Amino acid sequence: MRLLQLVTTALLPFTALAAKKSSDRFQTNHAKQISNSGPVKLDDKAYNDLTKTPRDYSVAVLLTALEARFGCKLCNEFQPEWELLGKQWTKGDKKGEGRLIFATLDFTDGKSTFQSLMLQTAPVLLLFPPTTGPNAKPDNIPHRFEFASGTNTAEPIHAWITRQLPSIPHPAFVRPINYVKIAVISTAVVGLITLVTVAAPYILPVIQNRNLWAAISLIAVLLFTSGHMFNHIRGVPYVGGDGKGHVSYFAGGFQNQFGMETQIVAAMYGILSFATISLALKVPRMTDPRNQQIAVFVWCGVILGMYSFLLSVFRIKNGGYPFWLPPF
(Lines give C-alpha, C1' and ligand atoms only; values in the text may rest on other atoms or scores of the structure.)
Protein backbone atom coordinates (compact mmCIF):
# COMPACT_ATOMS: atom_id res chain seq x y z
CA MET A 1 0.00 0.00 0.00
CA ARG A 2 2.81 2.35 0.90
CA LEU A 3 4.46 1.49 -2.45
CA LEU A 4 1.30 2.49 -4.35
CA GLN A 5 1.21 5.81 -2.50
CA LEU A 6 4.85 6.44 -3.36
CA VAL A 7 4.21 5.69 -7.07
CA THR A 8 1.15 7.95 -7.09
CA THR A 9 3.09 10.74 -5.41
CA ALA A 10 5.89 10.33 -7.93
CA LEU A 11 3.47 10.55 -10.88
CA LEU A 12 1.68 13.68 -9.64
CA PRO A 13 4.26 16.11 -11.12
CA PHE A 14 3.97 14.42 -14.52
CA THR A 15 0.14 14.60 -14.38
CA ALA A 16 0.30 18.26 -13.51
CA LEU A 17 2.80 18.82 -16.32
CA ALA A 18 0.52 17.03 -18.83
CA ALA A 19 -2.46 19.10 -17.67
CA LYS A 20 -0.39 22.27 -18.02
CA LYS A 21 0.68 21.32 -21.55
CA SER A 22 -2.95 20.56 -22.46
CA SER A 23 -4.02 23.95 -21.14
CA ASP A 24 -1.19 25.62 -23.03
CA ARG A 25 -2.34 23.92 -26.27
CA PHE A 26 -5.84 25.24 -25.72
CA GLN A 27 -4.67 28.78 -24.97
CA THR A 28 -2.42 28.82 -28.05
CA ASN A 29 -5.11 27.60 -30.41
CA HIS A 30 -7.80 29.75 -28.79
CA ALA A 31 -5.61 32.78 -29.41
CA LYS A 32 -5.23 31.73 -33.06
CA GLN A 33 -8.99 31.28 -33.28
CA ILE A 34 -9.56 34.81 -32.00
CA SER A 35 -6.94 36.31 -34.33
CA ASN A 36 -8.39 34.44 -37.33
CA SER A 37 -11.96 35.35 -36.33
CA GLY A 38 -12.88 31.76 -37.12
CA PRO A 39 -11.64 28.17 -37.25
CA VAL A 40 -7.92 27.38 -36.99
CA LYS A 41 -6.34 26.00 -40.17
CA LEU A 42 -4.48 22.73 -39.55
CA ASP A 43 -2.04 20.37 -41.22
CA ASP A 44 -1.20 16.78 -40.25
CA LYS A 45 1.19 17.80 -37.45
CA ALA A 46 -1.12 20.47 -36.03
CA TYR A 47 -4.08 18.07 -36.17
CA ASN A 48 -2.22 15.38 -34.21
CA ASP A 49 -0.99 17.91 -31.69
CA LEU A 50 -4.44 19.47 -31.18
CA THR A 51 -6.33 16.18 -30.78
CA LYS A 52 -3.82 14.15 -28.76
CA THR A 53 -4.50 13.13 -25.17
CA PRO A 54 -4.62 14.18 -22.41
CA ARG A 55 -6.94 16.99 -23.45
CA ASP A 56 -8.98 19.22 -21.14
CA TYR A 57 -10.82 20.90 -24.03
CA SER A 58 -13.03 19.93 -26.96
CA VAL A 59 -12.12 20.13 -30.66
CA ALA A 60 -14.51 20.39 -33.61
CA VAL A 61 -12.58 19.60 -36.80
CA LEU A 62 -13.99 19.88 -40.30
CA LEU A 63 -12.13 17.63 -42.73
CA THR A 64 -12.79 18.98 -46.20
CA ALA A 65 -11.52 19.10 -49.79
CA LEU A 66 -11.88 22.58 -51.25
CA GLU A 67 -9.75 22.41 -54.41
CA ALA A 68 -11.68 22.38 -57.70
CA ARG A 69 -9.94 19.20 -58.89
CA PHE A 70 -11.72 17.19 -56.17
CA GLY A 71 -15.15 18.37 -57.35
CA CYS A 72 -16.62 18.52 -53.83
CA LYS A 73 -19.58 20.86 -54.26
CA LEU A 74 -20.84 20.36 -50.69
CA CYS A 75 -17.39 21.19 -49.30
CA ASN A 76 -17.36 24.59 -50.99
CA GLU A 77 -21.00 25.28 -50.12
CA PHE A 78 -20.52 24.49 -46.45
CA GLN A 79 -17.12 26.15 -45.91
CA PRO A 80 -18.50 29.74 -45.53
CA GLU A 81 -21.14 28.44 -43.11
CA TRP A 82 -18.48 26.65 -41.05
CA GLU A 83 -16.32 29.77 -40.88
CA LEU A 84 -19.36 31.85 -39.91
CA LEU A 85 -20.26 29.40 -37.12
CA GLY A 86 -16.68 29.37 -35.80
CA LYS A 87 -16.52 33.17 -35.92
CA GLN A 88 -19.79 33.64 -34.01
CA TRP A 89 -18.96 30.97 -31.42
CA THR A 90 -15.53 32.51 -30.79
CA LYS A 91 -17.04 36.00 -30.58
CA GLY A 92 -19.59 34.79 -28.02
CA ASP A 93 -16.97 32.93 -25.98
CA LYS A 94 -13.88 35.16 -26.13
CA LYS A 95 -12.69 34.04 -22.69
CA GLY A 96 -12.78 30.39 -23.74
CA GLU A 97 -15.10 29.31 -20.94
CA GLY A 98 -16.54 26.53 -23.12
CA ARG A 99 -13.02 25.33 -24.02
CA LEU A 100 -14.00 24.44 -27.58
CA ILE A 101 -11.67 24.86 -30.55
CA PHE A 102 -12.98 25.09 -34.12
CA ALA A 103 -10.52 23.87 -36.76
CA THR A 104 -10.36 23.03 -40.46
CA LEU A 105 -8.16 20.41 -42.12
CA ASP A 106 -8.10 20.49 -45.92
CA PHE A 107 -7.17 17.33 -47.81
CA THR A 108 -4.18 19.02 -49.47
CA ASP A 109 -2.73 19.77 -46.01
CA GLY A 110 -3.75 16.55 -44.28
CA LYS A 111 -3.44 13.60 -46.64
CA SER A 112 -1.91 11.40 -43.93
CA THR A 113 -4.78 12.17 -41.56
CA PHE A 114 -7.38 11.33 -44.21
CA GLN A 115 -5.57 8.04 -44.88
CA SER A 116 -5.27 7.14 -41.20
CA LEU A 117 -8.99 7.80 -40.69
CA MET A 118 -9.77 5.87 -43.92
CA LEU A 119 -11.98 8.68 -45.20
CA GLN A 120 -13.33 8.24 -48.74
CA THR A 121 -15.69 11.22 -48.77
CA ALA A 122 -15.79 14.82 -47.62
CA PRO A 123 -16.79 16.90 -45.78
CA VAL A 124 -16.56 15.10 -42.43
CA LEU A 125 -17.08 16.82 -39.08
CA LEU A 126 -15.43 15.26 -36.00
CA LEU A 127 -16.05 16.47 -32.46
CA PHE A 128 -13.43 15.38 -29.90
CA PRO A 129 -14.68 15.70 -26.30
CA PRO A 130 -12.21 16.37 -23.47
CA THR A 131 -10.40 13.39 -21.91
CA THR A 132 -9.75 15.09 -18.57
CA GLY A 133 -11.82 17.38 -16.38
CA PRO A 134 -15.49 17.33 -15.29
CA ASN A 135 -16.85 16.62 -18.81
CA ALA A 136 -14.21 14.08 -19.75
CA LYS A 137 -14.72 11.01 -21.92
CA PRO A 138 -11.52 8.99 -21.50
CA ASP A 139 -12.15 6.73 -24.53
CA ASN A 140 -11.21 9.62 -26.91
CA ILE A 141 -13.72 8.43 -29.53
CA PRO A 142 -14.88 11.46 -31.54
CA HIS A 143 -18.48 12.13 -32.46
CA ARG A 144 -19.11 12.28 -36.21
CA PHE A 145 -21.71 14.41 -37.96
CA GLU A 146 -23.22 12.82 -41.06
CA PHE A 147 -23.64 15.07 -44.08
CA ALA A 148 -25.63 12.41 -45.95
CA SER A 149 -28.78 14.54 -45.77
CA GLY A 150 -27.10 17.28 -47.80
CA THR A 151 -26.83 19.73 -44.89
CA ASN A 152 -24.98 22.87 -45.99
CA THR A 153 -26.02 25.44 -43.37
CA ALA A 154 -24.64 26.30 -39.95
CA GLU A 155 -27.82 26.00 -37.88
CA PRO A 156 -27.97 22.15 -37.79
CA ILE A 157 -24.26 21.99 -36.90
CA HIS A 158 -24.74 24.47 -34.05
CA ALA A 159 -27.64 22.41 -32.69
CA TRP A 160 -25.62 19.18 -33.02
CA ILE A 161 -22.60 20.58 -31.13
CA THR A 162 -24.94 21.90 -28.43
CA ARG A 163 -26.44 18.41 -27.97
CA GLN A 164 -23.03 16.71 -27.85
CA LEU A 165 -21.56 19.19 -25.36
CA PRO A 166 -24.48 20.07 -23.07
CA SER A 167 -22.39 21.20 -20.09
CA ILE A 168 -20.53 24.12 -21.70
CA PRO A 169 -21.76 27.63 -22.61
CA HIS A 170 -23.43 27.74 -26.04
CA PRO A 171 -23.19 31.13 -27.77
CA ALA A 172 -26.28 31.71 -29.90
CA PHE A 173 -25.96 31.54 -33.67
CA VAL A 174 -27.57 34.52 -35.38
CA ARG A 175 -27.29 34.75 -39.14
CA PRO A 176 -26.03 38.22 -40.11
CA ILE A 177 -28.22 40.50 -42.18
CA ASN A 178 -27.36 40.30 -45.87
CA TYR A 179 -27.35 43.99 -46.74
CA VAL A 180 -26.20 43.32 -50.30
CA LYS A 181 -29.19 41.08 -50.95
CA ILE A 182 -31.55 43.64 -49.44
CA ALA A 183 -30.02 46.39 -51.60
CA VAL A 184 -30.27 44.28 -54.76
CA ILE A 185 -33.91 43.35 -54.10
CA SER A 186 -34.83 46.94 -53.21
CA THR A 187 -33.16 48.25 -56.37
CA ALA A 188 -34.90 45.64 -58.49
CA VAL A 189 -38.31 46.48 -56.98
CA VAL A 190 -37.81 50.22 -57.46
CA GLY A 191 -36.62 49.62 -61.03
CA LEU A 192 -39.64 47.42 -61.78
CA ILE A 193 -42.05 50.02 -60.36
CA THR A 194 -40.37 52.74 -62.41
CA LEU A 195 -40.52 50.61 -65.56
CA VAL A 196 -44.21 49.84 -65.05
CA THR A 197 -44.98 53.51 -64.37
CA VAL A 198 -43.18 54.73 -67.48
CA ALA A 199 -44.40 51.94 -69.77
CA ALA A 200 -47.99 51.84 -68.48
CA PRO A 201 -49.41 54.19 -71.18
CA TYR A 202 -48.01 51.88 -73.85
CA ILE A 203 -48.65 48.53 -72.15
CA LEU A 204 -52.19 49.06 -70.84
CA PRO A 205 -53.83 49.38 -74.28
CA VAL A 206 -52.23 46.08 -75.29
CA ILE A 207 -53.21 44.33 -72.05
CA GLN A 208 -56.78 45.65 -72.25
CA ASN A 209 -57.22 44.60 -75.87
CA ARG A 210 -60.16 42.19 -76.04
CA ASN A 211 -59.04 40.66 -79.32
CA LEU A 212 -55.64 39.81 -77.86
CA TRP A 213 -57.17 37.99 -74.89
CA ALA A 214 -59.66 36.28 -77.17
CA ALA A 215 -56.80 35.01 -79.36
CA ILE A 216 -54.80 33.82 -76.33
CA SER A 217 -57.86 32.07 -74.89
CA LEU A 218 -58.65 30.43 -78.23
CA ILE A 219 -55.07 29.18 -78.64
CA ALA A 220 -55.11 27.76 -75.09
CA VAL A 221 -58.45 26.03 -75.66
CA LEU A 222 -57.22 24.51 -78.92
CA LEU A 223 -53.99 23.27 -77.31
CA PHE A 224 -55.67 21.63 -74.35
CA THR A 225 -58.64 20.14 -76.21
CA SER A 226 -56.30 18.60 -78.76
CA GLY A 227 -54.35 16.70 -76.06
CA HIS A 228 -51.27 18.88 -75.49
CA MET A 229 -51.09 18.09 -71.75
CA PHE A 230 -51.49 14.36 -72.48
CA ASN A 231 -48.30 14.52 -74.57
CA HIS A 232 -46.32 16.17 -71.77
CA ILE A 233 -47.57 13.79 -69.09
CA ARG A 234 -47.13 10.57 -71.07
CA GLY A 235 -44.12 11.59 -73.18
CA VAL A 236 -45.66 10.22 -76.37
CA PRO A 237 -43.61 9.76 -79.60
CA TYR A 238 -43.98 12.37 -82.33
CA VAL A 239 -45.04 9.85 -85.03
CA GLY A 240 -45.29 6.08 -85.30
CA GLY A 241 -45.16 3.26 -87.83
CA ASP A 242 -48.04 1.40 -89.41
CA GLY A 243 -46.22 -1.93 -89.56
CA LYS A 244 -45.80 -1.71 -93.34
CA GLY A 245 -42.84 0.62 -93.48
CA HIS A 246 -44.93 3.78 -93.64
CA VAL A 247 -45.31 6.65 -91.17
CA SER A 248 -48.49 6.77 -89.12
CA TYR A 249 -49.67 10.15 -87.83
CA PHE A 250 -52.67 8.90 -85.84
CA ALA A 251 -52.61 6.24 -83.11
CA GLY A 252 -55.57 3.92 -82.81
CA GLY A 253 -57.55 3.84 -79.58
CA PHE A 254 -58.49 6.55 -77.09
CA GLN A 255 -55.58 5.84 -74.75
CA ASN A 256 -52.85 6.48 -77.36
CA GLN A 257 -51.82 9.39 -79.52
CA PHE A 258 -48.79 10.87 -81.30
CA GLY A 259 -47.32 14.34 -80.98
CA MET A 260 -48.04 15.25 -84.59
CA GLU A 261 -51.58 13.96 -84.20
CA THR A 262 -52.13 16.63 -81.56
CA GLN A 263 -50.86 19.34 -83.88
CA ILE A 264 -53.06 18.18 -86.79
CA VAL A 265 -56.17 18.05 -84.59
CA ALA A 266 -55.36 21.50 -83.15
CA ALA A 267 -54.99 22.86 -86.70
CA MET A 268 -58.37 21.38 -87.69
CA TYR A 269 -60.03 22.90 -84.62
CA GLY A 270 -58.36 26.21 -85.42
CA ILE A 271 -59.60 26.25 -89.03
CA LEU A 272 -63.13 25.30 -87.92
CA SER A 273 -63.08 28.05 -85.28
CA PHE A 274 -61.76 30.65 -87.72
CA ALA A 275 -64.39 29.68 -90.33
CA THR A 276 -67.20 29.87 -87.77
CA ILE A 277 -66.01 33.26 -86.47
CA SER A 278 -65.75 34.58 -90.02
CA LEU A 279 -69.28 33.41 -90.85
CA ALA A 280 -70.65 34.97 -87.67
CA LEU A 281 -68.72 38.27 -87.63
CA LYS A 282 -67.05 39.05 -90.95
CA VAL A 283 -69.55 37.90 -93.59
CA PRO A 284 -72.55 39.89 -92.20
CA ARG A 285 -70.49 43.11 -92.48
CA MET A 286 -69.76 42.67 -96.18
CA THR A 287 -71.64 45.27 -98.26
CA ASP A 288 -71.47 43.53 -101.65
CA PRO A 289 -74.20 40.83 -101.81
CA ARG A 290 -72.34 38.79 -104.43
CA ASN A 291 -69.09 38.73 -102.44
CA GLN A 292 -71.09 37.96 -99.33
CA GLN A 293 -72.72 34.97 -101.05
CA ILE A 294 -69.35 33.69 -102.29
CA ALA A 295 -67.90 34.04 -98.79
CA VAL A 296 -70.78 32.05 -97.31
CA PHE A 297 -70.23 29.19 -99.76
CA VAL A 298 -66.45 29.26 -99.27
CA TRP A 299 -66.57 29.19 -95.46
CA CYS A 300 -69.33 26.58 -95.45
CA GLY A 301 -67.20 24.44 -97.79
CA VAL A 302 -64.22 24.84 -95.45
CA ILE A 303 -66.33 23.80 -92.47
CA LEU A 304 -67.74 20.80 -94.37
CA GLY A 305 -64.28 19.68 -95.52
CA MET A 306 -62.63 20.11 -92.10
CA TYR A 307 -65.48 18.44 -90.25
CA SER A 308 -65.43 15.56 -92.72
CA PHE A 309 -61.68 15.17 -92.16
CA LEU A 310 -62.21 15.34 -88.38
CA LEU A 311 -64.78 12.51 -88.59
CA SER A 312 -62.36 10.40 -90.62
CA VAL A 313 -59.71 10.88 -87.94
CA PHE A 314 -62.24 9.93 -85.29
CA ARG A 315 -62.98 6.70 -87.16
CA ILE A 316 -59.24 5.87 -86.94
CA LYS A 317 -59.41 6.32 -83.17
CA ASN A 318 -62.69 4.37 -82.93
CA GLY A 319 -63.07 1.79 -85.67
CA GLY A 320 -66.73 1.12 -84.85
CA TYR A 321 -67.89 4.71 -85.41
CA PRO A 322 -70.55 4.49 -88.19
CA PHE A 323 -70.91 8.12 -89.33
CA TRP A 324 -68.99 9.98 -92.01
CA LEU A 325 -69.22 12.99 -94.33
CA PRO A 326 -67.94 13.46 -97.89
CA PRO A 327 -65.34 13.93 -99.23
CA PHE A 328 -63.40 11.91 -96.63
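The values are calculated or read from the model by the stated rules, or taken from the named source; none is laboratory data. Nothing here was measured: the structure is a model prediction, and the numbers come from that model. In this analysis, Cβ positions are derived from the backbone assuming ideal geometry, glycine residues included, and neighbour counts consider all displayed protein chains. Just the protein is used for accessible areas: all its heavy atoms, side chains included, with ligands, DNA and RNA removed. Shrake-Rupley method; radii C 1.70, N 1.55, O 1.52, S 1.80 Å.
Please enumerate, by chain and number, the lysines with C-alpha under 24 Å from the C-alpha of residue 244, excluding those fewer than 8 residues away in the same chain.
317
In debye, nearest 20: dipole of the chain around its Cα centre with unit charges on the Cβ of K, R (+) and D, E (-)?
Numbers: 30 positive and 19 negative charges, 67 e Å.
Using only the charged Cβ atoms, the result is roughly 320 debye.
Of all DSSP beta bridges in the chain, what percent run antiparallel (nearest 5)?
50
In deg cm²/dmol and to the nearest 500, what is the mean residue ellipticity at 222 nm of the chain if only DSSP H runs of at least 4 residues count, each as -39500 (n - 2.57), divided by the residue total?
Computed mean residue ellipticity for the chain: -18500 deg cm²/dmol.
Could you give each residue of region 69-74 its phi-based ³J(HN,Hα) in whole Hz, using Karplus coefficients 6.51, -1.76, 1.60 with θ = phi - 60°, and x for Gly or Pro?
Running phi through 6.51 cos²θ - 1.76 cosθ + 1.60 with θ = phi - 60° gives 5, 8, x, 8, 5, 5 Hz.
Within straight cross-link reach of residue 95, meaning Cα distance under 18 Å, which lysines are found once same-chain residues fewer than 8 apart are removed?
20, 32, 87
Which Rg and Dmax, in Å, describe the Cα atoms of the chain?
Reported Rg and Dmax, both Å: 38.5, 134.
To test your reading of the geometry: what angle, between 0 and 90 degrees and rounded to tens, separates the Cα axis of helix 210-225 from the longest principal axis of the chain?
On a 0 to 90 degree scale, this one is about 80.
Give the angle, between 0 and 90 degrees and rounded to the nearest 10, that separates the Cα long axis of helix 154-164 from the longest principal axis of the Cα atoms of the chain.
Tilt of helix 154-164: around 40 degrees.
Ignoring ligands, DNA and RNA, please state the percent of accessible area on the chain from carbon and sulfur, probe 1.4 Å.
Here carbon and sulfur together make up 65 percent of the probe-accessible area.
Taking +1 at the Cβ of each Lys and Arg and -1 at the Cβ of each Asp and Glu, which of 51, 184, 169 sits farthest along the dipole of the chain towards its positive end, judged by Cα position relative to the Cα centre?
Checked the options; the winner is 169.
Which of 33, 284, 152 sits closest to the plus end of the dipole of the chain, meaning its Cα is farthest towards the positive end, when Lys and Arg get +1 and Asp and Glu get -1 on the C-beta?
Comparing the listed Cα positions along the dipole, 33 ranks first.
If you add up the charges near residue 112, with Lys and Arg at +1 and Asp and Glu at -1, over every other residue whose beta carbon is less than 12 angstrom from its beta carbon, what do you get?
-1
Tell me which aspartates and glutamates have Cα within less than 15 Å of residue 73's Cα, excluding those fewer than 8 residues away on the same chain?
Once the sequence-local aspartates and glutamates are set aside, what remains near residue 73 is 81, 106.
Rounded to the nearest 0.05, what FRET efficiency do residue 325 and residue 212 give with R0 = 45 Å and r taken as the Cβ-Cβ distance? Could you check?
0.85
Taking 7 Å along the Cα-to-C-beta vector as the label spot, tell me the residue 298-residue 49 distance in nanometres, rounded to one decimal.
9.5
Could you work out the relative contact order of region 70-192? I mean the mean sequence separation of Cα pairs under 8 Å and 6+ apart, divided by the number of residues, in percent.
With pairs under 8 Å counted, the relative contact order is 34 percent.
As an exercise, use a Förster radius of 30 Å and the Cβ-Cβ distance of residue 182 and residue 204 to find the FRET efficiency, rounded to the nearest 0.05. Don't skip to the answer; put the middle values down first.
Details: r = 31 Å, r/R0 = 1.04.
Rounded to the nearest 0.05, the efficiency is 0.45.
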